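The values are calculated or read from the model by the stated rules, or taken from the named source; none is laboratory data. Since the structure is predicted, the reported quantities are computational estimates derived from the model, not experimental observations. For neighbour counting, all protein chains shown are included, and Cβ atoms are generated from backbone atoms with ideal geometry for every residue, glycine included. Calculation scope for accessible area: heavy atoms of the full protein, side chains included, ligands and nucleic acids excluded. Shrake-Rupley method; radii C 1.70, N 1.55, O 1.52, S 1.80 Å.
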Amino acid sequence: MPAVSFRDETATGTPVTEVQIEGLPERTTVRELIRLRVREEVARHNARPSDRFNGLVRPDGAEAELNGYRLREPRRLDWERQAEIAEKAFLANGFFVLAGDRQVEDLDEEIDLTADPDLVFVKLVALAGG
């Protein structure tokens, strides 16, 4: 069972964070990988709820900050709601995913994790005034 690295990078390729998850099936969809990543992020946050969340997408009612999101008050998050937000953000080009050296474009695209064990997530930031 492969181990997969989930790495966040800026649009210029600068690494921001990296998490490795082991014991995944050899093949799975982009949708399932995004859901897995979000579930893990939310589980880490919920283990010690705070007013700051470092994750792929912004929780409801949170404000974007450098490398994360500020919640109005410390609270637990619903991983399924976060996964829904992440899927919508992927479809709306809020971030894109690179598997190996190629960009994946469909949530239902299957990834061979034995061949592409490194996934890069690049969040896109809207430009002011554009």
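Quick check on the range 83-118: of everything there that is part of a helix (DSSP H, G or I), in contact with a strand residue (DSSP E or B) (Cβ under 9 Å, 6 or more places away or on another chain) and in contact (Cβ under 8 Å) with a residue 40 or more places away in the chain, which residue is surrounded by the fewest Cβ atoms within 10 Å (Cβ to Cβ)?
Pass one, the range 83-118, residues part of a helix (DSSP H, G or I): 83-91.
Checking which are in contact with a strand residue (DSSP E or B) (Cβ under 9 Å, 6 or more places away or on another chain) leaves us with 86, 89-90.
After this cut, where a residue has to be in contact (Cβ under 8 Å) with a residue 40 or more places away in the chain as well, the list is 86, 90.
On the way: ALA86: 24, PHE90: 22.
Looking at residues that are part of a helix (DSSP H, G or I), in contact with a strand residue (DSSP E or B) (Cβ under 9 Å, 6 or more places away or on another chain) and in contact (Cβ under 8 Å) with a residue 40 or more places away in the chain, I get PHE90.
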Inset, instruction - Give the residue that is nearest to VAL122 (Cα to Cα), with candidates limited to residues of the range 31-41 that are out of contact with any helix residue (DSSP H, G or I) (no Cβ under 6 Å at 6 or more places or on another chain) and open to solvent by 50 Å² or more (accessible area, probe 1.4 Å). - result: ARG31
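Just to be sure, is VAL30 under 24 Å from MET1 (Cα atoms), modelled with pLDDT under 95 and under 15 Å from the mean Cα position of the chain (by Cα)?
On the way: under 24 Å from MET1 (Cα atoms): yes; modelled with pLDDT under 95: no; under 15 Å from the mean Cα position of the chain (by Cα): yes.
Spelling it out, it is not the case that VAL30 is under 24 Å from MET1 (Cα atoms), modelled with pLDDT under 95 and under 15 Å from the mean Cα position of the chain (by Cα).
Residues in the range 65-85 that are among the charged types (D, E, K, R) and closer than 13 Å to ASN46 by Cβ: how many? Reasoning before the result, please.
Taking the range 65-85 first, the residues among the charged types (D, E, K, R) are 65, 70, 72-73, 75-76, 78, 80-81, 84.
Remaining after also requiring closer than 13 Å to ASN46 by Cβ: 75-76, 78, 80-81.
Adding up the residues that qualify gives 5.
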Legend entry - Checklist (1) open to solvent by less than 90 Å² (accessible area, probe 1.4 Å); (2) touching a residue at least 12 places away in the same chain (Cβ under 8 Å) applied to ALA47, failing item: (2)
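For (1) closer than 21 Å to VAL104 by Cβ; (2) open to solvent by 70 Å² or more (accessible area, probe 1.4 Å), each residue gets a yes or a no:
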{"site": "PHE6", "(1), (2)": "yes, no"}
{"site": "ALA43", "(1), (2)": "no, no"}
{"site": "ALA62", "(1), (2)": "no, no"}
{"site": "ARG75", "(1), (2)": "no, yes"}
Inset, instruction - Select from the range 62-82 the residues that are of a type in the set (A, V, I, L, M) and touching a residue at least 12 places away in the same chain (Cβ under 8 Å) and write down the one among them that is nearest to ALA11 (Cα to Cα). - result: LEU71
Inset, instruction - Could you tell me whether the range 74-85 includes any residue that is under 16 Å from THR29 (Cβ atoms) and under 13 Å from the mean Cα position of the chain (by Cα)? - result: yes
Inset, instruction - Tell me, yes or no, whether the range 19-30 has at least one residue that is in a strand (DSSP E or B) and open to solvent by 90 Å² or more (accessible area, probe 1.4 Å). - result: yes
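Tell me which residues, restricted to the range 35-63, are among the charged types (D, E, K, R), within 18 Å of PHE90 (Cβ to Cβ) and in a loop (DSSP other than H, G, I, E, B).
Just the residues of the range 35-63 that are among the charged types (D, E, K, R), to begin with: 35, 37, 39-41, 44, 48, 51-52, 58, 60, 63.
From the residues that got through so far, the ones that are within 18 Å of PHE90 (Cβ to Cβ) too are 35, 37, 39-41, 58, 60.
The answer is ARG58, ASP60.
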